[in-house]
1. Could you tell me which numbered condition Phe283 fails, if it satisfies all but one of (1) closer than 25 Å to Cys367 by Cα; (2) open to solvent by 20 Å² or more (accessible area, probe 1.4 Å)?
2. What is the residue count in the stretch 35-61 for residues that are without any contact (Cβ under 8 Å) to a residue 60 or more places away in the chain, over 15 Å from Lys91 (Cα atoms) and part of a loop (DSSP other than H, G, I, E, B)?
3. Checking the structure you have, find out if any residue of the stretch 271-284 is farther than 25 Å from Lys186 by Cβ, basic (Lys, Arg) and in contact (Cβ under 8 Å) with a residue 60 or more places away in the chain.
4. Which of the residues belonging to the stretch 251-266 are in a loop (DSSP other than H, G, I, E, B) and within 18 Å of Ser324 (Cβ to Cβ)?
5. Of all residues in the stretch 321-335, which are open to solvent by 30 Å² or more (accessible area, probe 1.4 Å) and modelled with pLDDT of 95 or more?
6. Might you check whether a residue that is under 22 Å from Leu238 (Cβ atoms), touching an Asp or Glu at 6+ places or on another chain (Cβ under 6 Å) and open to solvent by less than 30 Å² (accessible area, probe 1.4 Å) occurs anywhere in the stretch 310-318?
7. Looking only at the stretch 103-110, decide whether some residue is at pLDDT below 90, exposed (fewer than 14 other Cβ atoms within 10 Å of the Cβ) and not acidic (Asp, Glu).
8. Take the residues in the stretch 78-102 that are surrounded by 14 or more Cβ atoms within 10 Å (Cβ to Cβ) and more than 18 Å from Ser65 (Cα to Cα); name whichever of them is modelled with the lowest pLDDT.
Amino acid sequence: MKFICVTLLIIREITGLRAAVGSPPFITVDGFDVSGGLHLQCESKGWYPEPELVWLDSKGVTLTSETTHKQRHTDGFRVKHMITVYNRHSKYYCRVTMGRQMLETEIILSSKMFNSWRILMALILVTVVLSVIAGIWIIVSVCKHRELQRKGKRLKSKEMELNNDHDMLLLKEKKIVKSLKSLFRKFAVNVTLDPDSAHRHLIVFDDGKQMRYEEQSGTVKDGDQKSNNKFDERPCVLGKEGFTSGCFYYEVKVKGLNRWFVGVARESVNRKGRLNLNPENGFWTVGLKNKRYQACGGPSVPLSLSVEPQRVGVFVDYEEGQISFYDVSSMLHIYSFTDQSFNEKLYPVFYLFPLLFKNSTASLIICSNLS
């Protein structure tokens with residue numbers, strides 16, 4: 001026995017430690033269990049030699065600790081135990097003993113503590129969920145932004161390609177227009193107006209290339225009344241030149257006119273009365289009437305033109321039975337009469353009438369310069 005005591009004294013001298021009572025147990029609430037329990041942790045330090053730490057319920061029954069931590073430091077031992085409790089209205093004790101030394105701390109639980117932890121856990125859960133949602137939203141937004149950037153780059157590249165294609169198409173269109181003009185103008189003929197066929201209100205200029213409608217020129221001469229060549233009701237005039245074969249082409253300036261028709265007519269057309277300018281009566285014409293473009297068929301065909309033509313080209317293929325009309329500036333097709341049958345001479349024909357029966361100083365002009 002003396003040997004044991006001496007040995008303990010030697011060990012204490014070597015380690016530099018003497019028997020020491022540590023701090024009172026310190027209880028903390030360490031979280032809320034998902035099953036509804038409350039985590040309680042008890043810790044005490046500064047003991048030498050190593051103490052014993054236990055949890056007791058209100059009846060003094062020892063509770064089993066779920067986790068136990070023991071550490072030795074220069075100032076003594078440090079012990080820490082944790083339990084999970086589910087009884088809302090109760091007392092719990094944490095007791096540390098070393099030999100005859102004992103220190104004890106109690107904690108009284110209530111529903112408010114459980115509810116507070118539940119609220120805290122709910123807040124934490126909501127915060128986590130919101131954080132996850134925010135994170136997902138940020139990731140999705142970033143991905144969408146990057147995708148939009150990629151799409152923007154692709155669209156910009158596509159736009160550049162389309163612009164290049166558009167420029168190429170415009171260039172090709174110009175070449176096609178130029179080619180069409182060159183093709184048609186190979187068949188250009190010199191057309192002049194025949195004053196002997198002109199309605200009494202139509203003034204044909206001396207050069208035979210222009211005419212104007214004048215209401216004041218309405219005095220009818222006896223010779224004109226007996227002439228079968230003149231149009232007596234419709235303000236029309238024929239060209240001097242007629243054609244019985246092949247192809248021919250001419251252009252007419254209609255800029256500034258508000259009611260006009262151009263085309264070709266058979267030599268034998270009836271020039272008396274208010275006849276319609278349609279193929280049934282021997283006329284193949286297109287023009288403008290009541291602010292609407294139309295082809296004089298049977299019945300008339302309305303024409304939807306994106307641009308008002310300032311200059312109209314008329315192309316005739318006698319053998320093929322085709323009369324086509326074009327906007328000269330763009331060489332866009334206006335209308336065509338096809339599968340017609342010709343067995344006599346065809347003459348250019350022109351119709352001019354002022355809007356609302358008012359005088360107009362604008363002239364219809366047959367174009368001489370086709371360059």
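1. Going through (1) closer than 25 Å to Cys367 by Cα; (2) open to solvent by 20 Å² or more (accessible area, probe 1.4 Å) one by one, Phe283 breaks only (2).
2. Looking only at that region, the number is 4.
3. Yes: one or more hits.
4. Val254
5. Those that are open to solvent by 30 Å² or more (accessible area, probe 1.4 Å) and modelled with pLDDT of 95 or more: Gln322, Tyr326, Tyr335.
6. Yes, the conditions are met somewhere in the stretch 310-318.
7. yes
8. This residue is Arg88.
The values are calculated or read from the model by the stated rules, or taken from the named source; none is laboratory data. What you are looking at is a predicted structure, and each value in this text was computed from that prediction instead of being measured. Counting neighbours? That spans all protein chains shown, and the Cβs are built from the backbone with ideal geometry, glycine included. The area values use the complete protein model at the heavy-atom level, side chains included, leaving out ligands, DNA and RNA. Shrake-Rupley method; radii C 1.70, N 1.55, O 1.52, S 1.80 Å.
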